[in-house]
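**Q** The structure under discussion is supplied below as structure tokens; questions concerning it will follow.
No value in this document is a laboratory result; all are computed from the given coordinates. These figures come from a predicted structure and were not determined experimentally. Cβ: placed from backbone, ideal geometry, glycine included. Neighbour counts: every protein chain shown.
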Amino acid sequence: MFPNPSWATGWTPVTQIANNCTSELLIGANGQAYADGYNSAFGNSSASPAVEGNATRGFFAVPAGTNPTLTVNTTAVGSQSVILFSSDTSIGASMSPTVSCGSSVPTGPLTVTGRAAGSNFTVQVPGTISGYYCAGYLIVNP
């Protein structure tokens, strides 16, 4: 499972089965947890709305604009999901369809402005964005 087994030293694998999707959750000796998304769906859409199936993680591209929003369609989102974001300007060439990720910097953190459990979430990028704003997401369900 791990490319470098020594990386897992001190970690205890725990299998979590949720939403018909198997995922590995590792709990370290210090109590910290890490989920690797083993066998989980991965989304990679630059469409609007982003069509991500049942992905718990993936990438999306928000079109240019002032305080632009994007709906990400994924059945993995729940009413109490924690959704984490990370900017990634390098991912555009591997998205479908291919986009050129801009270098605009948001004026604050990305915000989930809405969600429909089992269907989608909407993310807003604060500020004026030129080009596409590309980011990754990870959905953590309680």
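**Q** Calculate the FRET efficiency for residue 112 and residue 64 from the Cβ-Cβ distance with a Förster distance of 25 Å, rounded to the nearest 0.05.
**A** 0.80
**Q** Given the C-alpha atoms of the range 47-91, compute the convex hull and give its volume per residue in Å³.
**A** With only Cα atoms used, the range 47-91 gives 94 Å³ per residue.
**Q** Right, next: Computed FRET efficiency, Cβ-Cβ of residue 130 and residue 82, R0 25 Å: what is it to the nearest 0.05?
**A** 0.25
**Q** Over the Cα atoms of the range 41-140, what radius of gyration and what Dmax do you get, in Å?
**A** Here Rg and the maximum Cα pair distance are 12.1, 33 Å.
**Q** Multiply the residue separation of residue 138 and residue 100 by 0.36 nm, subtract the distance between their alpha-carbon atoms, and state the gained length in nm to one decimal.
**A** Details: separation 38, 0.36 × 38 = 13.68 nm, distance 2.18 nm.
Gain in length upon complete extension: 11.5 nm.
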